[in-house]
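Enquirer: Here it is: the structure, laid out below.
The values are calculated or read from the model by the stated rules, or taken from the named source; none is laboratory data. Remember, it's a predicted structure, so these values are computed and weren't measured experimentally. Neighbour counts run over all protein chains shown; Cβ positions are idealised from the backbone, glycine included. Surface areas here come from the heavy atoms of the whole protein model, side chains and all, with no ligands, DNA or RNA. Shrake-Rupley method; radii C 1.70, N 1.55, O 1.52, S 1.80 Å.
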Amino acid sequence: MARRPVAWVTAIVLFVEAVGIALVNWFMGMVVDRQNMSLAGLDTDVMSTSSKVAGLVFGLYFALCGVAALLVALRNRPPSGIGRILLISAAVVHALLGAFTVGLVGWGAFTVMMVVLALILLVLMSYDRTAGPAQVAPEDGSGGEGGDNGTAPVATPPAPSMP
C-alpha cells in the first residue's frame, strides 16, 4: 500500500511549507520596515517585528508537523499523542487557509492548500489505529478463537416464549 510514501511526501511538503511561510513573512516584515509607512497609526517597527516573529512561529509549527509526518513514515505506524494532534491541527489550518486563499489569491493557491490537506488526511486515515480480527491471523494457522477464521460469532435472538 502507499501509506509510507504518502507520509514521506507529506513530511517533505510540510518542511518546504515551513521554510516558505517563514521566508514570506520575513520578506513582508522587511518590506514594511523599508517603506516606513504606518497602518492605522501602528509603529512600523512593531509591524515589521511581529511579521518576522509570526513567520518564525508558523515556520516552526509546520516544521513540527513535518517531524510528526516524518516519524510516521520512519516507524510505519500511526501518529499518536502530540503528533496526531499536530497533524489534525495542520489539517484544520490548511482547510481554513484554503477557504481564505480562494478569495484572496485565487484557485491555484486553493488547489495547493487542498492537496496539502489531502496529504495530511491520507496520513491520518490510512493508518488504522486498531487491527480487527479480520486483519490479524494467528501464526499457527488455526484461524483464531473457536476455529471460525477470526470472525466474531453471530448472536441469535432468543426465541419468543409462549404463555
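Enquirer: Using θ = phi - 60° and the Karplus form 6.51 cos²θ - 1.76 cosθ + 1.60, what ³J(HN,Hα) does each residue of the range 12-21 get, whole Hz, x for Gly and Pro?
Expert: After applying 6.51 cos²θ - 1.76 cosθ + 1.60, I find 5, 4, 5, 5, 5, 5, 4, 5, x, 4 Hz.
Enquirer: Further question: Hey, can you rank 40-52, 16-28, 114-126 by average C-beta count inside 10 Å, highest first?
Expert: 114-126, 16-28, 40-52
Enquirer: Using a probe of 1.4 angstrom, how much of the accessible area of the range 60-109 is carbon and sulfur, in percent?
Expert: It is 77 percent, rounded to a whole number.
Enquirer: Sort 64-74, 103-113 for me by packing, meaning the mean count of neighbouring Cβ atoms within 10 Å per residue, highest on top.
Expert: 64-74, 103-113
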